[in-house]
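Colleague: To start, I am sharing the structure in question, which I have written as structure tokens.
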Amino acid sequence: MILAIETSCDDTCAAVLDEEGRRALSNVVHTQTEHERYGGVVPEVASRAHLERLDGVVEKALADAGVTFEEVTRVAVTVRPGLVGALLVGLAAAKGLAYARGLPLTPVNHLEGHVAAAYLAEPNLKPPFVALIASGGHTALYYVTKSAMHLLGQTLDDAAGEALDKGARMLGLGFPGGPALSKVAQGGDSGCYAFPVALKERNNLDFSFSGLKTSLLYKLKALDERSFQEELPHLAAGYQAAVVEALSRKLLRAVDLYDAPGLVVAGGVAANASLRRVLGGECERRDLKLVIPPPKLCTDNAAMIGAAAAMAPAVPYPDYLGLNARSV
Ligand code: KG4
Ligand code: ZN
């Protein structure tokens, strides 16, 4: 059994997986609500909240899986990228747990974890495929082979989730903005407002969302309070549609350029219903295999870290005590 821990941002997570890392027996996520009043994640607050919660989250992960700590055969933990203070809490806990029982420890890259969520959703999935990771901190396209993840393109400014969060904030919708924006957008017509999609050149696989935010700012400036309330759903729908178009356009282009038989979308933004609908339709039309894990596996969780660990080398006891966390 693998015990996996993830604390790279504002979710305190632990999970238990089978030894192959293809099945999660439990997947506990404690989402920190302390950040809501600040409108964004406060690193120091996140570290302290992880410290308070992690023991209980690990205990619940073992209990939910019906597994005792003595049955765990290896520990996995996110070591990068993320908030260093937050990562360190998880890493110190993982080292302590592994050391106490003389177990090996596998350090995991959070982004490889997001991609590995696809193997939990689709145990028969085989590389090569193109993968898009779209979260609050990252937007990157990879060509995934059996041995490596090759970076094809990434955002030049904001991450897609960050663009959604900032747009939602400008529209007064609270934090995290992605789900809130998506809900308001349901009642709107995405054709009412034209929002820009950047970097449309054919071979460009990078993303940029700063122009989109500026465009929203100018549209808002032109509205008085009454018309703002009326236009809110249309603005939300148009803004979301531009993010969805940017992501799906680049993803499908990468599939064409690399002649990939399938694609994977992961990260918090992959929970977006509109993105799932658009990509579902396109992939059906093009006869491509599309894997988007269920929303619970798309947002930060420890099951995906355990799944990635199963494919990565473990550091034997006690060589991992010197391991460090990294922000990038
Ligand atoms: O992967 P994740 O949980 O954490 C990071 O590693 O960043 O992603 C969080 C991001 C946030 O920006 C959030 O607004 C976005 O994912 N998100 C969504 C949805 N659920 C989460 N965006 C759009 N629609 C959703 N349903
Ligand atoms: Zn993430």
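Read-outs: derived from the displayed coordinates by stated rules, not from any lab. What you see is a predicted model, and the numbers here were worked out from it, not measured in a lab. Reconstructed Cβ throughout: ideal geometry from the backbone, glycine too, with neighbour counts over all protein chains shown.
Colleague: How much of the pair distance distribution for the chain lies past 38 Å, counting alpha-carbon pairs only, in percent?
Modeller: Tail of the P(r) past 38 Å holds 16 percent of the pairs.
Colleague: While we're here: Taking the chain as the reference, fit the longest principal axis to its C-alpha atoms, fit the long axis of helix 84-101 to the helix C-alpha atoms, and give the angle between the two in degrees, 0 to 90, nearest 10.
Modeller: In the chain, helix 84-101 runs at an angle near 30 degrees to the longest axis.
Colleague: Where does helix 225-258 land angle-wise versus the long Cα axis of the chain, in degrees 0 to 90, nearest 10?
Modeller: Approximately 60 degrees, to the nearest 10.
Colleague: If packing is taken as the average number of other Cβ atoms within 10 Å across a peptide's residues, how do 35-44, 209-218 rank, most packed first?
Modeller: Order by mean packing, descending: 209-218, 35-44.
Colleague: Separate question: Please list, in order along the range 38-46, the HN-Hα scalar couplings obtained from phi with the Karplus expression 6.51 cos²θ - 1.76 cosθ + 1.60 (θ = phi - 60°), rounded to whole Hz, x for Gly and Pro.
Modeller: 9, x, x, 7, 9, x, 5, 5, 4
Colleague: Now, a different point. In the calculated pair distance distribution of the range 117-164, what percentage of Cα-Cα distances lie above 11 Å?
Modeller: For the range 117-164, the share of Cα pairs beyond 11 Å comes to 69 percent.
Colleague: Among DSSP beta bridges lying fully in the chain, give the percent that are antiparallel, nearest 5.
Modeller: Antiparallel bridges make up about 60 percent of those DSSP assigns within the chain.
Colleague: Under the rule of -39500 (n - 2.57) per DSSP H run of 4 or more residues, summed and divided by the residues of the chain, what mean residue ellipticity at 222 nm is obtained, to the nearest 500 deg cm²/dmol?
Modeller: Helices in the chain give a 222 nm mean residue ellipticity of -14000 deg cm²/dmol.
Colleague: Let me check against my output: what whole-number percent is the relative contact order of the chain, with C-alpha pairs under 8 Å and at least 6 apart?
Modeller: 25
Colleague: Right, something else. So how many Å³ per residue does the convex hull of the Cα atoms of the range 1-145 work out to?
Modeller: That works out to 105 Å³ per residue.
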